[in-house]
Amino acid sequence: MSDTVSIASSARARGGFWVMLAGSAMMMATASAPSPFYPLLKQELGFSSAMMTAIFAIYAVSLLLTLLIAGALSDHLGRRPVLSAGFFILGLSALLFGTAHSVSMLLVARIIQGVGCGLLLAALPASIVDLEPPDMPGLAAICNSVLPLGGLALGSLAAGIVMDFGATPKFDVFGGIVSLSLLFVFFVWLQPETAPRHEGLMQSLKPRLGVPVAARGAFWRGAPAIFAGWATGGLYLSLGPAIVSGIFGRTDFVLQGLVVTLMAGAGAGATLLATRHAPRRATLAGASALAIGTIVTLVGIGLHWFALYLLALAVGGAGFGACFYGLIRTLAPLAGPDERSELFASLFTLSYIAFGVPVVAAGLALPFLGLQQTVMLYGLTIAVMAAAAALFRKYGTQD
């Protein structure tokens, strides 16, 4: 029996599994919590809609660079040091964001947040797979699919509720993130180390994308669906509140946060339903739902029909979740324990390219096209990509 299996069979490892799940959900909640604050900060600090997308996108760029450089760090240095550092940096970014009084401070806070999330996005899913209880096979893949979307849903909704009803919303939201992050800084050291140090650390820091040989075919076959799904997430985390207020005229912060919650929450629910089906079928159905849902959201925007927009957004989000689950379910068994962090780094590198690059393009287009036309063009691009991904999965090589 291998060391990893021995670790995963212990009671300490079982407890560590649930701690890592909580940490993953919390980390993803911090990614969406700032979204409802963007329109308010735009008024307070006087920056443009294009700058608002830049503040969002610089987080994705910072995260992406961290994944490229340090994505495999925990495979060599150990999971616990990397996780502890990631949570500390995440807490620091929340402190800076909550006290920011200028655009430059917001940009610095988002860069630091990207570094912290980049470290965690590779190490946390790998730790969850490492610590999966042996009597619950497949649970890690489900959790690694559900938690990112569930965390996004929770963070945005909680922030919107606090902004509408809290006396000191910035302090409550970002102070809470600081406190939780510091708790996890110490909690991770109570868990077993599942990736002992080994040679190759300096070599691993060279920027590169590494997908284990056994997983490469499945990785690239699933890439179009993942790109379309995460591009959808980038759109609504950066411009979702602006769409609600600027196009539909709804000013409640809860409604603005609800956009992200509906998309991500529906995705999490669809992931749970997709566990009953083969990964290829889940990805095919998800890509189809994403294409259809995105088209109908554009109809809702064109008609200024808010209820239709929200309903279609939930359909598209469900498609996003099913796509993401299908790929993780396919890839996770194809990597060994010393390859998992690097695999997840590559997966999230692709995801965050899709998350950030289209948003940058949207920010550049906003001054010339306006909000509604920019969103329509962005949405059409996603719909075409999702439809292509569905056709590719239906008629391409089977996993």
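Each value in this text was obtained by applying a stated rule to the coordinates, not by laboratory testing. Computed from a prediction, not measured in an experiment: that's the story for all the values here. In this analysis, Cβ positions are derived from the backbone assuming ideal geometry, glycine residues included, and neighbour counts consider all displayed protein chains.
How compact is the stretch 1-127 by the rule of thumb for globular proteins, expressed as Cα Rg over 2.2 N^0.38 Å?
That ratio works out to 1.22.
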Distance between the C-alpha centers of the stretch 73-114 and the stretch 25-58? Whole Å please. 16
Spin-label pair VAL384/LEU182, simplified geometry with 7 Å Cα→Cβ offset, distance in nm: 5.0
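Under a Cβ-only charge scheme (Lys and Arg +1, Asp and Glu -1), can you give me the dipole magnitude of the chain about the Cα centre, in debye to the nearest 20?
Working: 20 positive and 15 negative charges, 114 e Å.
About 540 debye.
Let me know the shape class of the stretch 319-368, please: from the alpha-carbon gyration tensor, a ≥ b ≥ c as square roots of the eigenvalues, rounded when a/c is under 1.5, otherwise prolate if a/b is greater than b/c, or oblate. Display every interim value, and only then the final one.
Numbers: a/c = 7.02, a/b = 2.24, b/c = 3.14.
It is oblate, given that a/c is not under 1.5 and a/b is not larger than b/c.
With runs of 4+ DSSP H residues as the only contributors, calculate the mean residue ellipticity of the chain at 222 nm using -39,500 (n - 2.57) per run, divided by the residue total and rounded to the nearest 500.
Details: 16 runs with 322 residues, N = 399.
Mean residue ellipticity at 222 nm (helix-derived): -28000 deg cm²/dmol.
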Under the 7 Å Cα-to-Cβ spin-label approximation, PHE368 and SER104 lie apart by a distance in nanometres of 3.0
Taking Cα atoms, the helix 139-165 axis meets the longest principal axis of the chain at an angle in degrees (rounded to 10) of 40
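Where in the stretch 263-332 are there trypsin sites (Lys or Arg not before Pro) that are in a DSSP coil and have at most 12 other Cβ atoms within 10 angstrom of their Cβ? Don't skip to the answer; put the middle values down first.
Details: sites: ARG276, ARG280, ARG281, ARG329; in loops: ARG276.
Counting only loop positions with at most 12 other Cβ atoms within 10 Å, the trypsin sites (Lys or Arg not before Pro) in the stretch 263-332 are ARG276.
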Net charge contributed by nearby residues that have their C-beta within less than 14 Å of LEU95 (K/R +1, D/E -1): +1
Working from Cα positions, state the angle (0 to 90°, nearest 10) between the long axis of helix 216-246 and the longest principal axis of the chain. 40
If one compares the long axis through the Cα atoms of helix 169-187 with the longest principal axis of the Cα atoms of the chain, the angle in degrees, nearest 10, works out at 10
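For the chain, what does the convex hull of the Cα positions come to per residue, in cubic angstrom? Intermediate values should be presented prior to the final figure.
Details: hull volume 48.7 nm³, N = 399.
Convex hull of Cα atoms, per residue: 122 Å³.
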With label points built 7 Å along Cα→Cβ from the Cα atoms of LYS394 and LEU377, find their separation and express it in nm. 2.9
Go through GLY286, ILE353, SER179 and say which Cα lies farthest out towards the positive end of the charge dipole of the chain; charges sit on Cβ, +1 for Lys and Arg, -1 for Asp and Glu. GLY286
Exposure proxy order (Cβ contacts within 10 Å, fewest to most) of TYR38, TYR59: TYR38, TYR59
Picking from VAL299, LEU73, ALA167, whose Cα lies most toward the positive end of the charge dipole for the chain (charges on Cβ: Lys, Arg +1; Asp, Glu -1)? VAL299
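Give me SER74, SER102, SER288 sorted ascending by neighbouring Cβ count inside 10 Å, so fewest comes first.
Values: SER74 32, SER102 10, SER288 20.
Neighbour counts put them in this order, fewest first: SER102, SER288, SER74.
In what order do ASP135, ASP75 fall by count of nearby beta-carbon atoms within 10 Å, going from fewest to most? Can you show the working numbers first?
Values: ASP135 8, ASP75 27.
Ascending number of Cβ neighbours within 10 Å: ASP135, ASP75.
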